[in-house]
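To start, the structure itself, in structure tokens.
The values are calculated or read from the model by the stated rules, or taken from the named source; none is laboratory data. These numbers come from a predicted model, not from an experiment. Backbone-built Cβ (ideal geometry, glycine too); neighbour counts: all protein chains shown.
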């Protein structure tokens, strides 16, 4: 920086002009004051808020194909509806009007659905954005960025009445002088640790259910369908827990990401060793082949759930612990031991 | 460095062993609050106790914020021959009168008993859930004496004369230096000469302190003699050609008294308070030194390095830990961080890290954990942004102490001001060089007016990073 150091200055507070007349100086509140008598004198651009846009992905032919085909389908549907209404009018004008009203209602409903989906997608993007910024701010111990992230997080959970107190408390911390990483840890402890506990219980319950059903189901196909359904349910519940309603498209996106995440992290998820999984599996399968299968399916569900937490959680794990497969494992083997004894 | 005699060491080992034995039922932790005069030791201790007793805002002190501390109370201290720290009076000063406590004139001690529940099952069932925190407050001037333990009279004389002849102090030291040059060390001992030299030397030390605002030159007890005023142990001064003088010469008398000073004043102080610490916080008023210029900062650096060399830093094993206390965590805190906008705190920390660099390296080498913080035990200001000529000045808002002045304007201690103290340099090294003394000015502010709840209860003292300091210093004992 080549900027020359600025000279120290002091102003009597009653000689300054408040740019915001409603402002009352309080601890930590950033007042805006000006030494010039004119309230409009402040004219400076704050370039700090400008954010780098992520690089655009190159368009692929498949995307073009999808766009063209969906355009054709929309045209076909429109044409069909138009033909239908014309046909209805040729029979009777009452039927025709009824058709128009129904088509209009369908259009409104479709629009509402689309808006909901878009809101859901934006929410997911917002969470991903908060996550990324929080991780960066914690690493760099950046006070201002951490403050912005924490404010965004408070806004994200604005509609949760049960978090009212933690939100207020955190709001007070934001106004104090606390270092970047510390502030994000406080946000995590205040807002997300209770959610983590709920998420852990959800995963455990799902895994147990899957293990149980697999053990007692007569056919492999039943297992498959049930595991699929349970995973869908689990991801949706986790997403709702951490970030509100994700919507169908958002949910699909999340599930895809969760499974992709799983593929990347592979068997060594969350610091658990593959050994313990295999050992556990061995132990379970020695008890009974069917029980062992149940345990494996339960573990699979839990792993998808843990991957989904990583994706839905607005902050990285700093002080908190992600649920570990070992916990699920011990719970499941206990279950199978009970099953064996029964 | 051998600072304590063998007898002292044995006594220390016995005392430590006895304390450890008692500590099995009620562990005690000795926190050393170290800092030169006016670094903010008394305010730090008061704020720490006040926040723990009154349940302040301490989100980063985990044992407290997670609700495991059930209470803290002042208890009778273990050492019966040391006055109690006058906590109540200091709180009254800060909260009701809104003045900073007077500078400390004597040593005092207090014990804070913290009741808590451990987070681990084993400690919860085995431990008592009680930690006694012993804190000692003392005049910062006395601290300057600790390096004397490792020096004899000849070495000290040489260093003191060289220090006085530095260009920055030559004017202040002139009367004493002139008289000292006339005195001959090999002349016959003469009480009148000794008294005269000591008086001039004391006057020079006092002038140095008034000039720099920071006392950096031993012996500290000359500035604050207390009961010992006029005794032979305080009637000596450095001399030229101090070594190799015949018995009953002036030089020999001075050397004898210097040793008496070490035995009567410095060694008991070191043995009773500094050789027995578990944790240490070093408070440094870096802003005052920045105000005074690069030379003062250099003096501060040298003074701190020599003081910190006399502490017993390092990790004690479980067996050696029974008979020896070692400081295993040191926190360096730049105090009065509230006199600066928070955007500059990182730079303040960098400057402090630079000032205490030698001490940090030593401590880390010995195996101790070290952290550097910008701290305000009591936060006297709020923050705001003032725009002037299209430029945003990150400012602090508070009431300056009466008599503080900036740009020819003297404040009366009544009205609030918004103040921009100047930008701290981005490169910490530059504060030591001459060019840096341009555009920094820190005023001193009055303690804050406390907010009151609807019921009229006053809330705890506001602070900056006091909770983080606590977490580092005692957090692991409450885990």
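Got at least one residue in region B:464-476 being modelled with pLDDT under 85 and buried (at least 20 other Cβ atoms within 10 Å of the Cβ)?
Narrowing region B:464-476 to residues modelled with pLDDT under 85: none.
No: zero hits.
In a helix (DSSP H, G or I) and modelled with pLDDT under 85: is that true of residue B:210 in this structure?
Numbers: in a helix (DSSP H, G or I): yes; modelled with pLDDT under 85: yes.
Yes; evaluated as a whole, the condition is true for this residue.
Please count how many residues of region B:43-66 are away from chain A (no Cβ under 14 Å) and free of Cβ contacts under 8 Å to residues at least 60 places away in the same chain.
1
Checking the structure you have, find out if any residue of region B:98-111 is under 30 Å from residue A:173 (Cβ atoms), out of contact with any helix residue (DSSP H, G or I) (no Cβ under 8 Å at 6 or more places or on another chain) and more than 14 Å from chain A (Cβ to nearest Cβ). Even if it seems obvious, please write down each step before you answer.
Our first condition is that a residue be under 30 Å from residue A:173 (Cβ atoms); within region B:98-111, this holds for B:98-101, B:110.
Right, trim to out of contact with any helix residue (DSSP H, G or I) (no Cβ under 8 Å at 6 or more places or on another chain) and you get B:98.
When the remaining residues are screened for being more than 14 Å from chain A (Cβ to nearest Cβ), the result is B:98.
Yes, region B:98-111 contains at least one residue that is under 30 Å from residue A:173 (Cβ atoms), out of contact with any helix residue (DSSP H, G or I) (no Cβ under 8 Å at 6 or more places or on another chain) and more than 14 Å from chain A (Cβ to nearest Cβ).
Listed residues B:187, B:183, B:168; which is touching a residue at least 40 places away in the same chain (Cβ under 8 Å) and touching a strand residue (DSSP E or B) at 6+ places or on another chain (Cβ under 7 Å)?
Values: B:183 fails: touching a strand residue (DSSP E or B) at 6+ places or on another chain (Cβ under 7 Å); B:168 fails: touching a strand residue (DSSP E or B) at 6+ places or on another chain (Cβ under 7 Å).
Testing whether each residue is touching a residue at least 40 places away in the same chain (Cβ under 8 Å) and touching a strand residue (DSSP E or B) at 6+ places or on another chain (Cβ under 7 Å) leaves just B:187.
Looking at region B:74-90, is at least one residue touching a helix residue (DSSP H, G or I) at 6+ places or on another chain (Cβ under 8 Å) and at positive phi?
no
Is there a residue in region B:414-433 that is modelled with pLDDT of 80 or more, exposed (fewer than 14 other Cβ atoms within 10 Å of the Cβ) and in a strand (DSSP E or B)?
Among the residues of region B:414-433, not one is modelled with pLDDT of 80 or more, exposed (fewer than 14 other Cβ atoms within 10 Å of the Cβ) and in a strand (DSSP E or B), which makes the answer no.
Would it be correct to say that residue B:16 is touching a residue at least 12 places away in the same chain (Cβ under 8 Å) and either in contact with a helix residue (DSSP H, G or I) (Cβ under 6 Å, 6 or more places away or on another chain) or within 20 Å of residue B:282 (Cα to Cα) (or both)?
No: the conditions fail for residue B:16.
Of all residues in region B:414-433, count the ones that are touching a strand residue (DSSP E or B) at 6+ places or on another chain (Cβ under 7 Å) and farther than 27 Å from residue B:350 by Cβ. Even if it seems obvious, please write down each step before you answer.
Let us first name the residues in region B:414-433 that are touching a strand residue (DSSP E or B) at 6+ places or on another chain (Cβ under 7 Å), namely B:415-420.
Pick out the ones that are also farther than 27 Å from residue B:350 by Cβ and you get B:415-417.
Here the count works out to 3.
Which of the residues that make up region A:157-170 are closer than 15 Å to residue A:188 by Cα and surrounded by 13 or more Cβ atoms within 10 Å (Cβ to Cβ)?
A:157, A:163, A:166, A:167, A:169, A:170
Among the residues that make up region B:245-260, is at least one of them closer than 24 Å to residue B:136 by Cα, in contact with a helix residue (DSSP H, G or I) (Cβ under 8 Å, 6 or more places away or on another chain) and crowded, with 22+ Cβ neighbours inside 10 Å?
Of the residues in region B:245-260, the ones closer than 24 Å to residue B:136 by Cα are none.
For region B:245-260, residues closer than 24 Å to residue B:136 by Cα, in contact with a helix residue (DSSP H, G or I) (Cβ under 8 Å, 6 or more places away or on another chain) and crowded, with 22+ Cβ neighbours inside 10 Å: absent.
Quick check: anything in region B:116-125 part of a strand (DSSP E or B), farther than 16 Å from residue B:30 by Cα and in contact (Cβ under 8 Å) with a residue 24 or more places away in the chain?
Narrowing region B:116-125 to residues part of a strand (DSSP E or B): B:116.
If we keep only those that are farther than 16 Å from residue B:30 by Cα as well, we get B:116.
Retained after the next criterion (residues that are in contact (Cβ under 8 Å) with a residue 24 or more places away in the chain): B:116.
There is at least one residue in region B:116-125 that is part of a strand (DSSP E or B), farther than 16 Å from residue B:30 by Cα and in contact (Cβ under 8 Å) with a residue 24 or more places away in the chain.
Looking at (1) at pLDDT 90 or above; (2) assigned to a helix (DSSP H, G or I), find the lone condition where residue B:370 falls short.
Of everything listed in (1) at pLDDT 90 or above; (2) assigned to a helix (DSSP H, G or I), residue B:370 misses just condition (2).
Looking at (1) assigned to a helix (DSSP H, G or I); (2) modelled with pLDDT under 80, which is the one condition that is false for residue A:267?
Result: residue A:267 passes all but (1).
Can you find a residue in region A:223-237 that is within 14 Å of chain B (Cβ to nearest Cβ) and buried (at least 16 other Cβ atoms within 10 Å of the Cβ)? Step through it out loud before you land on a result.
Narrowing region A:223-237 to residues within 14 Å of chain B (Cβ to nearest Cβ): none.
So far as region A:223-237 goes, no, none of its residues is within 14 Å of chain B (Cβ to nearest Cβ) and buried (at least 16 other Cβ atoms within 10 Å of the Cβ).
For region A:171-192, what are the residues that are over 23 Å from the mean Cα position of the chain (by Cα), crowded, with 19+ Cβ neighbours inside 10 Å and assigned to a helix (DSSP H, G or I)?
Of everything in region A:171-192, just one residue is over 23 Å from the mean Cα position of the chain (by Cα), crowded, with 19+ Cβ neighbours inside 10 Å and assigned to a helix (DSSP H, G or I), namely A:173.
Would you check if there is a residue in region B:179-195 being buried (at least 18 other Cβ atoms within 10 Å of the Cβ), outside the structural domain of residue B:299 (by TED's automatic domain parsing) and closer than 24 Å to residue B:308 by Cα?
Within region B:179-195, the first condition is being buried (at least 18 other Cβ atoms within 10 Å of the Cβ), and the residues that meet it are B:180, B:183, B:185, B:193-194.
Checking the rest, the ones that are also outside the structural domain of residue B:299 (by TED's automatic domain parsing) come to B:180, B:183, B:185, B:193-194.
Subset that is closer than 24 Å to residue B:308 by Cα: none.
Scanning region B:179-195 turns up no residue that is buried (at least 18 other Cβ atoms within 10 Å of the Cβ), outside the structural domain of residue B:299 (by TED's automatic domain parsing) and closer than 24 Å to residue B:308 by Cα.
What is the number of the single condition among (1) away from chain A (no Cβ under 14 Å); (2) out of contact with any strand residue (DSSP E or B) (no Cβ under 8 Å at 6 or more places or on another chain); (3) crowded, with 18+ Cβ neighbours inside 10 Å that residue B:69 does not meet?
The failed condition is (2).
Cβ contacts < 7 Å: first residue closer than 30 Å to residue B:466 by Cβ and within 7 Å of chain A (Cβ to nearest Cβ), restricted to region B:375-392; second residue assigned to a loop (DSSP other than H, G, I, E, B) and at pLDDT 85 or above, any location; separation 6+ or different chain. Result?
Between residues of region B:375-392 that are closer than 30 Å to residue B:466 by Cβ and within 7 Å of chain A (Cβ to nearest Cβ) and residues that are assigned to a loop (DSSP other than H, G, I, E, B) and at pLDDT 85 or above, the close pairs are B:383/B:341.
Against the condition more than 10 Å from every other protein chain (Cβ to nearest Cβ), modelled with pLDDT under 70 and part of a loop (DSSP other than H, G, I, E, B), how does residue B:454 come out, does it pass?
Numbers: more than 10 Å from every other protein chain (Cβ to nearest Cβ): yes; modelled with pLDDT under 70: yes; part of a loop (DSSP other than H, G, I, E, B): yes.
In short, yes.
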